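Report on the following structure.
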Amino acid sequence: DKAGRALAFVVDDLSMSFAGVDAARRALEKFVKDEMRPGDLIAILRTSRGVGALQLFSSDKLELLAAIKSIRWGMHYGRLSQIMALSYSIRALQDIPGRKYLVLMSSHTTLNGSLVPDPTKSISRSADFSAYNLLADAALRAGVVIHTTNATGLLAPFSGGPWATVDISSL
């Protein structure tokens with residue numbers, strides 16, 4: 001009953017623009033400073049660091065803010081690294097009690113269209129679908145809810161509308 005939230009933020013720094021990485025850092029800092037609740041376990045993960053260098057879950061705001069400050073922009077692209085970081089996060093969240101969330105912060109949609117393979121498409125495209133279907137299955141079995149957000153719009157206002165921030169406070 002008293003278990004807090006467990007949130008893994010995966011920052012897809014391999015495919016984000018400089019502005020996207022900056023927006024993701026600012027949004028994460030705001031979350032840790034203003035929205036983090038007592039009992040929350042948070043992990044800040046980067047696709048560029050690989051599984052071996054990923055940070056463990058923590059409730060220490062200073063440690064989390066230091067991890068956020070270490071996020072840097074790089075001009076790379078790596079779908080495999082993204083899949084590995086997501087898979088690691090799901091496995092790490094699996095045994096944690098309470099509500100579990102994985103938030104993928106990226107600058108682009110990783111897949112276009114449905115996760116149902118199209119037999120008319122190439123085999124490599126079907127392999128992409130297969131990898132994401134396996135992640136979806138693992139998340140379902142672990143009780144992990146996956147959210148995605150476009151990092152380039154995190155702090156940009158819509159024309160005449162509210163700020164386009166990720167509303168994690170309702171999780």
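The values are calculated or read from the model by the stated rules, or taken from the named source; none is laboratory data. Since the model is a prediction, treat every value here as computed from it, not as a measurement. Glycine gets a Cβ as well: all are built from the backbone with ideal geometry, and neighbour counts include every protein chain shown.
Summary of computed values
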{"quantity": "Residue count, segment 101-120 (criterion: modelled with pLDDT of 55 or more and within 24 Å of Leu14 (Cβ to Cβ))", "calculated": "8"}
{"quantity": "Test: residue in segment 4-12 that is more than 24 Å from Ser107 (Cα to Cα) and touching a strand residue (DSSP E or B) at 6+ places or on another chain (Cβ under 9 Å)", "calculated": "yes"}
{"quantity": "Some residue of segment 130-152 being of a type in the set (Phe, Trp, Tyr), more than 22 Å from Glu29 (Cβ to Cβ), surrounded by 13 or more Cβ atoms within 10 Å (Cβ to Cβ) and at pLDDT 65 or above", "calculated": "yes"}
{"quantity": "Residue match in segment 68-79 (condition: in contact with a helix residue (DSSP H, G or I) (Cβ under 6 Å, 6 or more places away or on another chain), outside any strand (DSSP E or B) and modelled with pLDDT of 90 or more)", "calculated": "yes"}
